[in-house]
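Working notes, beginning with the structure itself.
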């Protein structure tokens with residue numbers, strides 16, 4: 001007894017193709033989101049460190065860093081409240097930033113994977129942590145003023 005299999009190859013191709021194409025599309029979208037946020041966090045750290053090191057004093061440095069972080073967050077579509085920023089100086093001084101110190105700015109955020117519902121905190125669990133760091137040397141004449 002011979003079975004008639006005419007037309008079943010195209011149905012199998014479409015079924016298997018869809019089963020393989022949907023995860024591939026999801027992977028491309030997820031990696032695109034992660035890459036975009038990675039570039040944003042790295043840019044935020046680099047530009048904030050530079051803004052701090054080029055400022056005239058600590059007050060101006062903080063204001064410039066906040067402005068840079070806000071601009072980069074808007075540019076890369078990152079929620080400003082989701083950015084975690086830490087600034088450290090080497091050698092450790094009583095005030096940071098200080099003249100002659102090396103500033104290290106670290107910016108952190110999390111990227112939620114697409115199509116994950118926020119039910120029971122699943123969006124927080126299914127997220128990828130992203131971190132970017134930058135180091136900038138401060139002039140030894142920093143804060144001296146004219």
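Coordinate-derived values only; no laboratory data. Model, not experiment: these values are computed from the prediction. Here the Cβ positions follow ideal geometry from the backbone for every residue, glycine too, while neighbour counts run over all protein chains shown.
Here is how the numbers come out for the structure above:
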{"quantity": "Most mobile listed residue (107, 92, 135) in the chain, GNM with C-alpha springs under 10 Å", "calculated": "92"}
{"quantity": "Stokes-Einstein D in µm²/s, Kirkwood radius over Cα pairs - region 86-144 at 4 °C with 1.567 mPa s viscosity", "calculated": "93 µm²/s"}
{"quantity": "Residue 99-residue 133 pseudo-label distance in nm [points 7 Å out on the Cα-to-Cβ vector]", "calculated": "2.8 nm"}
{"quantity": "Separation of the residue 85 and residue 15 label points, Cα + 7 Å toward Cβ, nm", "calculated": "5.5 nm"}
{"quantity": "Gain upon complete extension [residue 57, residue 39; 0.36 nm per residue less C-alpha separation]", "calculated": "3.6 nm"}
{"quantity": "Choice from 22, 52, 78 showing the highest fluctuation, given a GNM over the chain with Cα pairs closer than 10 Å", "calculated": "22"}
{"quantity": "Rounded tilt (10° steps) of 58-76 against the dominant C-alpha axis of the chain", "calculated": "20 degrees"}
{"quantity": "Diffusion coefficient, µm² s⁻¹, Stokes-Einstein with Kirkwood Rh over alpha-carbon pairs of region 3-138 at 25 °C and 0.890 mPa s", "calculated": "139 µm²/s"}
{"quantity": "Most fluctuating residue given options 15, 109, 88, as computed from a GNM of the chain linking Cα atoms under 10 Å", "calculated": "15"}
{"quantity": "Tilt relative to the chain, helix 8-54 - C-alpha long axis, 0 to 90 degrees, to 10", "calculated": "0 degrees"}
{"quantity": "Expected 222 nm ellipticity per residue - DSSP helices of 4 or more, -39500 (n - 2.57), all of the chain, to 500", "calculated": "-17000 deg cm²/dmol"}
{"quantity": "Globularity index of region 10-70, i.e. its alpha-carbon radius of gyration over 2.2 N^0.38 Å", "calculated": "2.07"}
{"quantity": "Cα gyration tensor, region 50-90 - rounded (a/c under 1.5), prolate or oblate", "calculated": "prolate"}
{"quantity": "FRET E, pair residue 74, residue 140, Förster distance 30 Å, beta-carbon r, rounded to 0.05", "calculated": "0.30"}
